[in-house]
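Working notes, beginning with the structure itself.
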Amino acid sequence: MSHTEHLLLVEDDSGLRELLQEELEAEGYQVTACGSAEDALGPLQQAEIDLLISDLRLPGADGLSLLPPAQALSPAPAVLIITAFGSVQQAVNALQNGADDFLTKPLEIDHFLLTVKRLLENRRLRREVQRYRSIMAVEQFHGIIGQSSGMRRLFQHIRQMAGADGPVLIQGESGTGKELVARAVHEESGRSGKPYMVVNCGGIPAELMESEFFGHAAGAYTGARKARAGLFQQAEGGTLMLDEIGEMPLALQAKLLRALQDGNVRPVGSDHEIQLDVRVIAATNRNLTECVEQGTFREDLFYRLETFNLQVPPLRERSDDIHYLADFFLARFNARQQRQIKGFSDAARQALLHYPFPGNVRELQNAVERAATFSQGALIELHDLPERMQSSNLSNPVTHSQAPGSPPQTDDQLPSLEQVQRRYIHQVLDATGGNKRKAADILGITRRTLYRWIE
């Protein structure tokens, strides 16, 4: 069984220390071992330790002296205290000072390993709950996640125009979250308690579109046995969101323009108009200016819709948000599927950061859910991501190879041997989940040499 947890073992008995280290490493844990509290301070503060295992009686400072510096860390490790001089009072003192559990010597190895596993699982669950809560609370604006300058500017524009009643045109590439932006405009407005209707203009047959929008009177056409309210009537007092407005036929565009200008709609087959109070928000991934020039979109409707214009930036222009979005999607996946994936390896994060995301936020969400579904470890690794994203990992030396037909690399572009070695070591560590024993075996070196290279 493979783990990625890092354990710090503090035991002055060298024989017991070696035995416990071997047993823990055999379980797949990464273990740093030392013989005194003083020697433990360095590893404790320099690396993220998941579990501190310390003897109570040590030469010099005792094991309890490690509790304050351990608790000062963020995140703090779980703590297991071991002593040959077990007593109820010592156990109470250790637990009161922040230890998570207390074992007495002589240790029963199976019980010891089960205790280690339980403490690590409890810590993972606590951190997952904290992480999920923090992710769900971070920089959300009506369900939109973003703290980049472009998104903060978008949020400000939404607030400013939400109080008005004029039409809103939302433009942006497919997958950028235009429908979420439209919902945010509605929620920020005084219409938030009223109906919010969404219709995809590209998903309704042209012959049914007018009836769908404006309703119809009884007997208006074959099969219309009774009158039916259209989307405008259903959205009375609230907001009607027209997604993919660029797909709307020209004939219906003229009727939509009239509804926007005077607020009146005429159901199909009716002699009477209905006065309505509906705010229209339109969204499209098309360039409507080009559509106007091509004659597929009415110029007067375009100018009426863009009374308030919102541009949703593509994900490649808001790379600051990629990690927040990836963590959010992973936390939501963990909650839905009852998984405990801790996060992303450094290589996976770098690959996401350097990928251009032509499918924007929707593509990132799908990639994270796919990677999490097939991930077998505690972290999403580079190989869990779609292949097109793996090749964007700039830390992978393979991606720097000469491509057919590309200009030759100059001397200053070629990596040094030391750089290639460093990249490969990190690649192997990522692939093994940080397990230095496995990494050393793959590299064909001793763990001592690997530690020296890392340093």
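The distance between label points at Lys117 and Ser174 comes to 4.8 nm (points 7 Å beyond Cα on the Cα→Cβ vector).
Hey, fewest Cβ within 10 Å first, where do Ser192, Ser345 land in order? Write down the numbers at each step before the final one.
Numbers: Ser192 15, Ser345 24.
Going from sparsest to densest Cβ surroundings: Ser192, Ser345.
Placing one equal scatterer on every Cα of the range 314-389 and applying the Debye formula, the log10 ratio I(q)/I(0) at q = 0.11, 0.14, 0.16, 0.20 Å⁻¹ is -0.23, -0.37, -0.49, -0.77. For the range 254-401, the Kirkwood hydrodynamic radius comes to 19.0 Å, computed from all pairs of different C-alpha atoms.
Helix-only arithmetic for the chain: the sum of -39500 (n - 2.57) across DSSP H runs with n ≥ 4, divided by the residue total, places the mean residue ellipticity at 222 nm at -13500 deg cm²/dmol.
Taking a ≥ b ≥ c as the square roots of the eigenvalues of the alpha carbon gyration tensor, the range 141-313 is prolate, as a/c is not under 1.5 and a/b beats b/c. Please grab the % of Cα pairs in the range 6-137 that end up more than 22 Å from each other. Value for the range 6-137 (Cα pairs over 22 Å): 32 percent. Take the Kirkwood radius over Cα pairs of the chain, plug it into Stokes-Einstein at 20 °C and 1.002 mPa s, and you get 80 µm²/s for translational diffusion.
Read-outs: derived from the displayed coordinates by stated rules, not from any lab. Computed from a predicted structure; not experimentally measured. Note: ideal-geometry Cβ built from the backbone for every residue, glycine included; neighbour counts use all protein chains shown.
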